[in-house]
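Reviewing the structure listed below.
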Amino acid sequence: MSNMFSTDFAGRNVSIKTDYVAGQADGSVLVYYGDTVVLVTVVSLKTVRQGIDFLPLTVDYQEMTFAAGKIPGGFFKREGRPNEKEVLTSRIIDRSIRPLFPKGYFFETQVIATVLSVDRENDSDVTAMLGASAALSISDVPFKGPIAGVRVGKINGELVCNLSAEKMQESELNIFMVGRKVTPSKSGRPYDVELVMMEGDAWEVAEDVIIDAINFGMEAVRPIIDLQDKMRESIGKDKRHVEEKKPDEELFARVSTEALAGLTQAYNIPRKLERYAKLSEVREQTIKNIGGDDAVLCAATAEIIEELERRILRDMIVTEKRRIDGRTSSDIRPISADISVLPRAHGSALFNRGETQALVALTLGTSSDEQRMDYVGGEEMRTFMLHYNFPPYCVGEAKFLRSPGRREIGHGALARKAIVPVLPSPEEFPYTIRIVSEILSSNGSSSMATVCGGSLSLMDAGVPVKNMVAGIAMGLLKEGDEVVILSDILGDEDHAGDMDFKVCGTEKGVTAMQMDIKIDGLTEEILRKALDQAREGRIHIINKLRETIAAPRPDISTYAPRITTIKVKEDQVRTVIGSGGKNIRQIISETGVTIDVEDDGTVTIASADAEAAARAVAMVKWLTEEAEVGKIYSGTVKKIVDFGAFVEILPGTEGLLHISQIAKERINKVTDVLQEGDEVKVKVLEVDKQGKIRLSRKDALGQEPTK
């Protein structure tokens, strides 16, 4: 027998149906939010694979095209590899739930969210996040929830949540955030709601607006958390018991004696590969000396070494107030940059921050290069693309090159969001822009290096961006009441820290952000301090970037296509294209340009050859020109009749040349002077209200056609 649980969420009903479908999963729910319906299942195996010492968690969000009444495109007519939205939503759910499994829970676990029905009003991301938390909460899988997601915007000065994608286009910010129930409460309420994960973009908003939005979002998810508590109490299964590993004090002491000095020495080596080499040497020697041939003892020793590394690094930062490379908590690593490093790219930059290095290349294209994004919720045409690549050599590894993974897609999407607010409008700059970031060396925050390099490449390419954008990754270490916020974190600091908070923006405000938190106790005060410190770091980086290039170049690259846009009447579009595309093919054949014609009459001509573009513009204007009284044209006699001749003066435009207007002297027959196919100069005498044109040959004698 099924169960239904409902509540109000952002002014609309949300319902969760259980014990209805997917009965063999450990937990399954159908979540209804308007006409958006998402099935979420969770399965966690009962045995642990040998040698596994981590949580093998997989999260898959998938959109079925039947959810929107569509049939998939392509030859196979079935859903294929995940699109960008599916990948990004899978990442959002994964990042939210992963820290909430107990330490030591190593059972292979899979969460699948399947969109079965979708409307244009209710966000399937919000629905899927709720379903993931609800399915885990009622299952026997141990999970420190419940959690709930909400999408927050700000329209006309008012904070709003869970609006449709169409309405969110009017918002000055768009943040998807996830909150978790935390007890005991520090606020005097039954429980507190603390931020677990956040990702979004904004139009250069102030840090105070971000704080207000987070507080608003955390309050908005309370009904959803209460709903899941009610479900758990009513139908929840008993949770699996997770044996808490008791530390072997004797072994810990032996490992500490053997490895502590060497590990401490390693963390005083600033350069990453040298540090890693020393750590690896100490690790291998300690495991060999203590574990020998005992695989179980070797694994236990390795686990203790990892904990020692974490403690050494955290103690160094929190207690000794120093970092691996000698910086203070707010210092930024040395920054340098070059532009125009690739001769034939339309814009390029090489950005260095510490040991992180990004080579960023920009290409300008036409409207035919736009990317078509087909989602179940609708279609999107992108004129700006940003792709991020993370080859294995950038971290000193040798691996097979694969297609972009979820991490690469996620980092590229974040950098793209950061840059979009400063791009010129299509009317101002009618180009399709593609940026590719190749990470050549990585030691923390390569996505933020992509933002900085992308901003430089745009200016190098002559794109009239509104401002310079920079990004910085912030970290947090919290030991009791002691809190240290780190600017521009290294990879080691990210691994051992309690928070990864990426903030992008201009001097005016924030344009994008991404946050993952591993601990409880993230207060508004900590958040505010992190944002303020990020702003100081961001402005420092922007000033450094301006030393390389302060403003966009006045012109685009000589290798980039020159785009000219002209407007014709909508009823002339057919004339420009011609029968079967005859006219447009002729223009392309004679000039070598790329030409696109929109239904609204916008004609875009692109060519790296300015002269060829000018010829193409002249041909389009000639095709669409309208007869002008008093102007002299060179026309072709199309038809002869008793009372005169019909002369084509423009493509598809004919006028009547009356017999009395053919010559200055009187003639008896038209054919005495003209034959069909003759070229003849004529003057437009009149264009009446019906568009009929009256021509004169005798008034044009001895004159050249008007240019």
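The values are calculated or read from the model by the stated rules, or taken from the named source; none is laboratory data. If you're wondering where the values come from, they're calculated on a predicted model, not measured in any experiment. Positions of Cβ are backbone-derived with ideal geometry, glycine not excepted, and every protein chain shown enters the neighbour counts.
Kindly establish whether Ile649 is crowded, with 17+ Cβ neighbours inside 10 Å, touching a Phe, Trp or Tyr at 6+ places or on another chain (Cβ under 8 Å), β-branched (Val, Ile, Thr) and free of Cβ contacts under 8 Å to residues at least 24 places away in the same chain. Criteria not met by Ile649.
For Leu313, the requirement of being under 21 Å from Met459 (Cα atoms), surrounded by 14 or more Cβ atoms within 10 Å (Cβ to Cβ) and not acidic (Asp, Glu) is not met.
Selection within segment 377-435: residues that are among the polar types (S, T, N, Q) and in contact (Cβ under 8 Å) with a residue 40 or more places away in the chain. The member of this set that is nearest to Gln514 (Cα to Cα) is Asn389.
Okay, residues lined up against (1) of a type in the set (Asp, Glu); (2) under 30 Å from Ser124 (Cα atoms); (3) within 20 Å of the chain's Cα centre (by Cα):
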{"site": "Ser336", "(1), (2), (3)": "no, no, no"}
{"site": "Arg344", "(1), (2), (3)": "no, no, no"}
{"site": "Leu350", "(1), (2), (3)": "no, no, no"}
{"site": "Glu355", "(1), (2), (3)": "yes, no, no"}
{"site": "Thr366", "(1), (2), (3)": "no, no, no"}
{"site": "Asp369", "(1), (2), (3)": "yes, yes, yes"}
{"site": "Arg372", "(1), (2), (3)": "no, yes, yes"}
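Filtering segment 232-284 to residues that are surrounded by 15 or more Cβ atoms within 10 Å (Cβ to Cβ) and among the small types (Gly, Ala, Ser) leaves Gly236, Ser256, Ala259, Gly262, Ala266. When Gly635 is tested against (1) under 50 Å from the mean Cα position of the chain (by Cα); (2) surrounded by 20 or more Cβ atoms within 10 Å (Cβ to Cβ), just one condition goes unmet, and that condition is (1). Filtering Glu679, Glu665, Glu625 for residues that are out of contact with any strand residue (DSSP E or B) (no Cβ under 9 Å at 6 or more places or on another chain) and among the charged types (D, E, K, R) leaves a single hit, Glu665. Please specify each residue of segment 604-624 satisfying the condition of being under 30 Å from His658 (Cα atoms) and buried (at least 18 other Cβ atoms within 10 Å of the Cβ). Scanning segment 604-624 gives Met619, Val620, Leu623, Thr624.
Residues of segment 227-243 include at least one that is of a type in the set (S, T, N, Q), within 30 Å of Arg189 (Cβ to Cβ) and in contact (Cβ under 8 Å) with a residue 24 or more places away in the chain.
Residues in segment 341-362 that are crowded, with 18+ Cβ neighbours inside 10 Å and either touching a Leu at 6+ places or on another chain (Cβ under 6 Å) or more than 27 Å from Ile472 (Cβ to Cβ) (or both): 8 in all. Taking each residue of segment 690-707 that is touching a residue at least 24 places away in the same chain (Cβ under 8 Å) and looking for partners that are in a loop (DSSP other than H, G, I, E, B) with beta-carbon atoms closer than 6 Å, six or more apart or interchain, yields Ile693/Ala627; Arg697/Ile662; Lys698/Ala663; Lys698/Lys664; Thr706/Lys631.
Listed residues Val376, Val422, Val360; which is hydrophobic (A, V, I, L, M, F, W, C) and at pLDDT below 95? Just one listed residue meets the conditions, Val376. Somewhere in segment 410-422, is a residue touching a helix residue (DSSP H, G or I) at 6+ places or on another chain (Cβ under 6 Å) and either among the aromatic types (Phe, Trp, Tyr) or part of a loop (DSSP other than H, G, I, E, B) (or both)? Within segment 410-422, none of the residues are touching a helix residue (DSSP H, G or I) at 6+ places or on another chain (Cβ under 6 Å) and either among the aromatic types (Phe, Trp, Tyr) or part of a loop (DSSP other than H, G, I, E, B) (or both). Considered as a group, the residues in segment 69-104 that are aromatic (Phe, Trp, Tyr) and free of Cβ contacts under 8 Å to residues at least 40 places away in the same chain include one that is farthest from Glu194 (Cα to Cα), and that residue is Phe75.
Where strands (runs of 3 or more DSSP E) fall wholly inside segment 112-204, the ranges with 3 or more residues that are among the β-branched types (Val, Ile, Thr) are 147-155, 173-182.
The set of residues in segment 20-44 being exposed (fewer than 14 other Cβ atoms within 10 Å of the Cβ) and more than 34 Å from the chain's Cα centre (by Cα) consists of Gly23, Gln24. Where residues in segment 536-560 are among the charged types (D, E, K, R) and part of a loop (DSSP other than H, G, I, E, B), which of them is nearest to Ser487 (Cα to Cα)? Checking each candidate, the answer is Glu547. With the condition kept exactly as written, say whether any residue in segment 94-110 is assigned to a helix (DSSP H, G or I), in the same structural domain as Tyr32 (by TED's automatic domain parsing), among the β-branched types (Val, Ile, Thr) and under 21 Å from the mean Cα position of the chain (by Cα). Looking through segment 94-110, none of the residues is assigned to a helix (DSSP H, G or I), in the same structural domain as Tyr32 (by TED's automatic domain parsing), among the β-branched types (Val, Ile, Thr) and under 21 Å from the mean Cα position of the chain (by Cα).
Within the option set Asp229, Asp238, being part of a helix (DSSP H, G or I) and acidic (Asp, Glu) holds for one residue only, Asp229. When each of Val193, Val255, Val242 is tested for being within 27 Å of Val14 (Cβ to Cβ) and out of contact with any Cys (no Cβ under 7 Å at 6 or more places or on another chain), the lone residue that passes is Val193.
A quick yes/no check of all residues on (1) of a type in the set (A, V, I, L, M); (2) assigned by TED's automatic domain parsing to the domain that holds Val141; (3) at pLDDT 95 or above; (4) farther than 25 Å from Ala413 by Cβ:
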| position | (1), (2), (3), (4) |
| --- | --- |
| Thr7 | no, yes, yes, yes |
| Arg12 | no, yes, no, yes |
| Val21 | yes, yes, no, yes |
| Gly27 | no, yes, yes, yes |
| Tyr32 | no, yes, yes, yes |
| Gly51 | no, yes, no, yes |
| Phe76 | no, yes, no, yes |
| Pro82 | no, yes, no, no |
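Please verify whether segment 94-117 includes one or more residues that are over 21 Å from Arg240 (Cα atoms), basic (Lys, Arg) and surrounded by 13 or more Cβ atoms within 10 Å (Cβ to Cβ). Scanning segment 94-117, I find at least one residue that is over 21 Å from Arg240 (Cα atoms), basic (Lys, Arg) and surrounded by 13 or more Cβ atoms within 10 Å (Cβ to Cβ), so the answer is yes. Taking strands (runs of 3 or more DSSP E) as the structural unit, those lying wholly within segment 341-407 and holding at least 2 residues that are among the aliphatic types (A, V, I, L, M) and touching a strand residue (DSSP E or B) at 6+ places or on another chain (Cβ under 9 Å) correspond to 347-353, 356-365, 384-389.
You will find that of Thr604, Thr558, the residue that is modelled with pLDDT of 85 or more, of a type in the set (S, T, N, Q) and touching an Asp or Glu at 6+ places or on another chain (Cβ under 8 Å) is Thr604 and no other. When the residues of segment 451-488 are filtered to those that are charged (D, E, K, R) and within 20 Å of Leu364 (Cβ to Cβ), which remaining residue is surrounded by the fewest Cβ atoms within 10 Å (Cβ to Cβ)? Once the filter is applied, the top-ranked residue is Lys466. Considering only segment 120-129, I want to know if a residue exists there that is buried (at least 21 other Cβ atoms within 10 Å of the Cβ), farther than 24 Å from Ala512 by Cα and in contact with a Lys or Arg (Cβ under 9 Å, 6 or more places away or on another chain). Within segment 120-129, none of the residues are buried (at least 21 other Cβ atoms within 10 Å of the Cβ), farther than 24 Å from Ala512 by Cα and in contact with a Lys or Arg (Cβ under 9 Å, 6 or more places away or on another chain). Residues that are surrounded by fewer than 18 Cβ atoms within 10 Å (Cβ to Cβ), of a type in the set (Lys, Arg) and under 28 Å from the mean Cα position of the chain (by Cα) within segment 180-225 are absent altogether.
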